[in-house]
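Asker: Just passing along the structure, written as structure tokens.
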Amino acid sequence: MTPNQRGFYTLLKKEVMRFWAVLGQTVTAPVITALLYLLVFAQAMKGRAEIYPGVSYTEFLVPGLVMMTVIQNAFANTSSSLIQSKVMGNLVFLQMAPLGPWEWFFAYILAALVRTLIVASAMLVVVLPFVHLPIHQPLALIAIFVLTSGSLAVLGLIAGIVAQKFDHIAAFTNFLITPMSFLSGVFYSVHALPPFWYKASHFNPFFYMIDGFRFGFFGVSDVSIWHSLMWTAGFFAVMTAICLWMLITGYKMKK
Amino acid sequence: MTAALTISGVRKTYGKLEALKGVEFQIQRGEFFGLLGPNGAGKSTLINIIAGLVQASAGNISVLGHDTVSDFRTARRLLGIVPQELVFDPFFNVTDMLRIQAGYYGCGEEVWPWIDEMLQRLDLWEKRKVSMRALSGGMKRRVLIAQALVHKPPVVILDEPTAGVDVELRRTLWTFMRDLHSKGTTVVLTTHYLEEAQEMCERIAIIDKGEIKALETTQQLLARHPFRFLRLKLAEGAVLPVELQPLVAANINGSLELKLETSKNSFSSVFALLRRDGVAIEDVQTRDPDLEDIFVELTGRKGEVAA
Ligand SMILES: Nc1ncnc2c1ncn2[C@@H]1O[C@H](COP(=O)(O)OP(=O)(O)OP(=O)(O)O)[C@@H](O)[C@H]1O
Ligand SMILES: [Mg+2]
């Protein structure tokens, strides 16, 4: 292992250790929240018409809930880690180290990917005995998952870079991430929406993440999988470009 | 031979405030160097620029010939910096923290024995498995020092390592720093304890309001002060001759300290005047100027006197 590789690997390990130390908060809690949604909505919507032929409402709901949880947790992992280090002042340990922008980027993003992988797997393992989930397109499933978790981890990193205190991250979460993840077709098909909201949904990148993920399971979706993949990949690319620019120039990080 | 640190034309402005006004000097390999100055002089700003935490508005810095911006990886591997702020990561225990820091620098298990040695030498061995949040301030300070040294850097910069540290620990740190220095490490120290700087540093830069006011060996700095001090304790009711009144620099517990210019006021002339007026004297002491006096003269402000 070269020194640079070891530096990167250490940062990745530290980031994983950080959420691992508080698994109750970082994994168990979001899994339980998502399961409660599933329980409540599946019960309330029982007997409703199938959204796609052969797909019950509960089945329809599961991939959306998984994605919503992935979206929220990927964002939370990077943003909270960075803002904590900033507020505590211990970010200097990392800033003084011989690590470049790429090592920062990949270590933070991969750690978030590990966390969301654990969260998503835990959810699926718990619901699998009760909900029938075919896997129609494993490749699409993996691609959408990685791009979604990656994009939101990058967005979290950007938020962490821009924010100067916890409140800023909370504002980001409450006014952007949470509403956008709720209004993205987790609980309904966008076809059921009034025309304005139907249109608006198509500008929400989270909609494509959820729709694409659903396609991976059922092979049917509101928009074509290629469309979803393009939106998700595009979102990832734009976020990555902004984030790398910030890391390379030391934006808001170097006084 | 390239210098340990070369600082060329470094400026830093914060809005209208010029924290550094074009600082320029070198620190040679193997030196024990003191960077002194009153609060807000710009010491930490300079150190933070060297560390890569702050971007200079102009100028550049190299560590053993490696630029801290264009060749930051090499430069940072050669540097160990103890920040002034008492920062820590509450998620980890002492040993994990040190191993993680070593990892950032590309060091693995091969430095674990060195980490253990530092833990012992800095009196942290008992606390090695304790969470960072459960350490006292002085202990956190020692962990910060160990953290800066995990990768055995040849150039070490300590920003006020002995601030708020008890007497015994200060001794431990002095021994530790001397030891590092004797093994060839270049040590740069900032402190408000001028006695400490006088004792430890071979060469000293005095910085004030972002400018270097003096940069000399400690000996030269002390010698350039053309004064000596004479402390007189007069008997009850005795009055100092009028000619000597203007020379009084301080009144310390009833003793008068006269500041004598070596070229003008000789001891014998002072005593001649005292004899002339028949002034009864209880006690006499002389004192060479110390760094404190020079510091006050150059910056117009007082440093702190070590307890
Ligand atoms: N982030 C910042 N934004 C604005 N001004 C700053 C910032 N950091 C430092 N300064 C200013 O720069 C000047 C130099 O500060 P610096 O911390 O370098 O002083 P110092 O010599 O280390 O002082 P001390 O002995 O108190 O540690 C001060 O006037 C300070 O207020
Ligand atoms: Mg300072």
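Asker: State all residues of segment A:154-180 that are touching a Phe, Trp or Tyr at 6+ places or on another chain (Cβ under 6 Å) and either farther than 23 Å from A:THR116 by Cα or at pLDDT below 90 (or both); if no residue qualifies, say none.
Answerer: Residues satisfying the conditions do not exist here.
Per-residue answers, yes or no, for (1) touching a residue at least 24 places away in the same chain (Cβ under 8 Å); (2) away from chain B (no Cβ under 14 Å):
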position	(1), (2)
A:GLY47	no, yes
A:GLU50	no, yes
A:VAL55	yes, yes
A:GLY64	yes, yes
A:MET67	yes, yes
A:VAL70	yes, yes
A:VAL87	yes, no
A:LEU99	yes, no
A:TRP104	yes, no
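One line per residue, one yes/no per condition, for (1) outside any strand (DSSP E or B); (2) in contact with a helix residue (DSSP H, G or I) (Cβ under 8 Å, 6 or more places away or on another chain); (3) among the hydrophobic types (A, V, I, L, M, F, W, C):
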residue	(1), (2), (3)
B:ARG29	yes, no, no
B:GLY34	no, yes, no
B:GLN55	yes, yes, no
B:SER70	yes, no, no
B:ARG99	yes, yes, no
B:VAL111	yes, yes, yes
B:GLN120	yes, no, no
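Asker: Considering only residues that are within 16 Å of ligand 1 (Cβ to nearest atom) and either part of a helix (DSSP H, G or I) or touching a strand residue (DSSP E or B) at 6+ places or on another chain (Cβ under 9 Å) (or both), which ones fall in segment B:147-184?
Answerer: Scanning segment B:147-184 gives B:ILE157, B:LEU158, B:ASP159, B:GLU160, B:PRO161, B:THR162, B:ALA163.
Asker: Based on this model, can you work out whether B:VAL23 counts as modelled with pLDDT of 95 or more, farther than 20 Å from A:GLY250 by Cβ and within 16 Å of ligand 2 (Cβ to nearest atom)?
Answerer: When the stated conditions are applied, B:VAL23 passes them.
Asker: Also, I was wondering about something else. Give the number of residues within segment B:40-53 that are facing another protein chain (nearest Cβ under 10 Å) and either surrounded by fewer than 22 Cβ atoms within 10 Å (Cβ to Cβ) or outside any loop (DSSP other than H, G, I, E, B) (or both).
Answerer: 6
Asker: Still on this structure, I have one more. Tally the residues that are open to solvent by less than 40 Å² (accessible area, probe 1.4 Å) and more than 9 Å from ligand 1 (Cβ to nearest atom), restricting the search to segment B:18-35.
Answerer: 9
Asker: Tell me, yes or no, whether segment A:98-112 has at least one residue that is closer than 21 Å to B:LEU144 by Cα and at pLDDT 95 or above.
Answerer: yes
Asker: Please tell me if A:LEU139 is outside any helix (DSSP H, G or I) and under 25 Å from A:SER228 (Cα atoms).
Answerer: Judged against the criteria, A:LEU139 is not a match.
Asker: Considering only segment A:147-188, state which residues are among the small types (Gly, Ala, Ser) and surrounded by 15 or more Cβ atoms within 10 Å (Cβ to Cβ).
Answerer: Once the filter is applied, which keeps residues that are among the small types (Gly, Ala, Ser) and surrounded by 15 or more Cβ atoms within 10 Å (Cβ to Cβ), segment A:147-188 yields A:SER149, A:GLY150, A:SER151, A:ALA153, A:GLY156, A:ALA159, A:GLY160, A:ALA163, A:SER181, A:SER184, A:GLY185.
Asker: Continuing with this model, one more query. Looking at B:SER8 and the list (1) away from ligand 1 (no atom under 16 Å from the Cβ); (2) in contact with a helix residue (DSSP H, G or I) (Cβ under 7 Å, 6 or more places away or on another chain); (3) in contact (Cβ under 8 Å) with a residue 40 or more places away in the chain; (4) not charged (D, E, K, R), which single condition is not satisfied?
Answerer: Among (1) away from ligand 1 (no atom under 16 Å from the Cβ); (2) in contact with a helix residue (DSSP H, G or I) (Cβ under 7 Å, 6 or more places away or on another chain); (3) in contact (Cβ under 8 Å) with a residue 40 or more places away in the chain; (4) not charged (D, E, K, R), B:SER8 violates only (2).
Asker: Does B:ALA75 fit the bill of being crowded, with 16+ Cβ neighbours inside 10 Å, in a helix (DSSP H, G or I) and within 11 Å of chain A (Cβ to nearest Cβ)?
Answerer: yes
Asker: Another one. Just wondering, is there one or more residues in segment A:13-36 that are within 14 Å of chain B (Cβ to nearest Cβ), open to solvent by 30 Å² or more (accessible area, probe 1.4 Å) and outside any helix (DSSP H, G or I)?
Answerer: yes
Asker: Ok, one more. Quickly run through segment B:217-254 and pick out the residues that are within 14 Å of the chain's Cα centre (by Cα) and open to solvent by 30 Å² or more (accessible area, probe 1.4 Å).
Answerer: B:THR217
Asker: Filter segment B:81-96 down to the residues that are surrounded by fewer than 24 Cβ atoms within 10 Å (Cβ to Cβ) and part of a helix (DSSP H, G or I), then identify the one that is farthest from the other protein chains (Cβ to nearest Cβ).
Answerer: The extreme case among them is B:THR95.
Asker: Does segment B:32-55 contain any residue that is more than 22 Å from the chain's Cα centre (by Cα) and either more than 25 Å from B:GLY164 (Cα to Cα) or within 16 Å of ligand 2 (Cβ to nearest atom) (or both)?
Answerer: yes
Asker: Could you pull out the residue among B:LEU98, B:LEU144, B:LEU135, B:LEU79 that is within 16 Å of ligand 1 (Cβ to nearest atom) and in contact (Cβ under 8 Å) with a residue 40 or more places away in the chain?
Answerer: Of B:LEU98, B:LEU144, B:LEU135, B:LEU79, the one residue that is within 16 Å of ligand 1 (Cβ to nearest atom) and in contact (Cβ under 8 Å) with a residue 40 or more places away in the chain is B:LEU144.
Asker: Specify the residue that is farthest from the other protein chains (Cβ to nearest Cβ); the eligible residues are those in segment A:204-255 that are of a type in the set (D, E, K, R) and not in a helix (DSSP H, G or I).
Answerer: In this case the residue turns out to be A:ASP222.
Asker: Check off (1) under 25 Å from A:HIS136 (Cα atoms); (2) open to solvent by 40 Å² or more (accessible area, probe 1.4 Å) for A:MET88 and give me the number that stays unchecked.
Answerer: In the conditions (1) under 25 Å from A:HIS136 (Cα atoms); (2) open to solvent by 40 Å² or more (accessible area, probe 1.4 Å), A:MET88 misses (1) alone.
Asker: In segment B:103-115, how many residues are within 8 Å of another protein chain (Cβ to nearest Cβ), closer than 13 Å to B:ALA148 by Cα and open to solvent by less than 10 Å² (accessible area, probe 1.4 Å)?
Answerer: Qualifying residue count for the region: 2.
Asker: Restricting to segment B:185-222, count the residues that are charged (D, E, K, R) and more than 16 Å from ligand 1 (Cβ to nearest atom).
Answerer: 5
The values are calculated or read from the model by the stated rules, or taken from the named source; none is laboratory data. Note that the structure is a prediction, hence the values are computed from the model and not measured. Neighbour counts are summed over all protein chains in view; Cβ atoms, including those assigned to glycine, are modelled from backbone coordinates with ideal geometry. Protein only, heavy atoms only, side chains kept; ligands, DNA and RNA dropped before computing areas. Shrake-Rupley method; radii C 1.70, N 1.55, O 1.52, S 1.80 Å.
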